[in-house]
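Presented below is the structure to which this report refers.
Just so it is clear, none of the values below were taken in a lab; they were calculated from the coordinates. Since the structure is predicted, the reported quantities are computational estimates derived from the model, not experimental observations. Here the Cβ is made from the backbone with ideal geometry for all residues, glycine too, and neighbour counts use every protein chain on show.
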Amino acid sequence: MDIIVEMDSVNAVNLILSNDLNICHPMAGLVSSCKRLLRQIPKCFLHHIYREKNAVADRLAAWSHDIDLGCWFLEDNPTWLGPLLLDDSIGVTKTRIISSV
């Protein structure tokens, strides 16, 4: 089975995929752990995705800042997630505003 890991941080993706991580980098420990986990999965692909492309993951990440620390299991989808699940599943496009500095 193939596993696709999508991240909205291009910097994180680049660090994890890099072969020359500096051990003094502030995220070296976390990046090394991610690399180790990815090596344990035979067919695992990691790539960047804009947060607008996966609104469900973005909203869940934002929600995680408002809950207590610990391990959470969602047996049912929160009602506020329903419209985003539908949009993501049918590929609704969203506008991305960028600055031209």
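Short to long, the 5 Å bins of the Cα pair-distance histogram for region 3-48 hold 5, 23, 33, 25, 12, 3 percent of all pairs. Summed over qualifying helices (DSSP H, 4 residues or more, each -39500 (n - 2.57)) and divided by its residue number, the chain shows a 222 nm mean residue ellipticity of -11000 deg cm²/dmol. Loop sites here are chymotrypsin sites (Phe, Trp or Tyr not before Pro) outside DSSP states H, G, I, E and B with no more than 12 other Cβ atoms within 10 Å. The longest part of the chain free of them is 1-49. Among the trypsin sites (Lys or Arg not before Pro) found in region 2-101, those both in a DSSP coil and sparsely packed, with 12 or fewer other Cβ atoms within 10 Å of their Cβ, are 43, 94, 96. In this structure, the amide hydrogen of residue 46, modeled 1.01 Å from its nitrogen in the peptide plane, lies closer than 5 angstrom to those of 5, counting only residues at least 5 positions away or on a different chain.
Two decimals is fine: what is log10 I(q)/I(0) at q = 0.10, 0.12, 0.15 Å⁻¹ for the chain, from a Debye sum with one equal scatterer on every Cα and no solvent? Here the Debye-derived log intensity ratios amount to -0.39, -0.56, -0.87.
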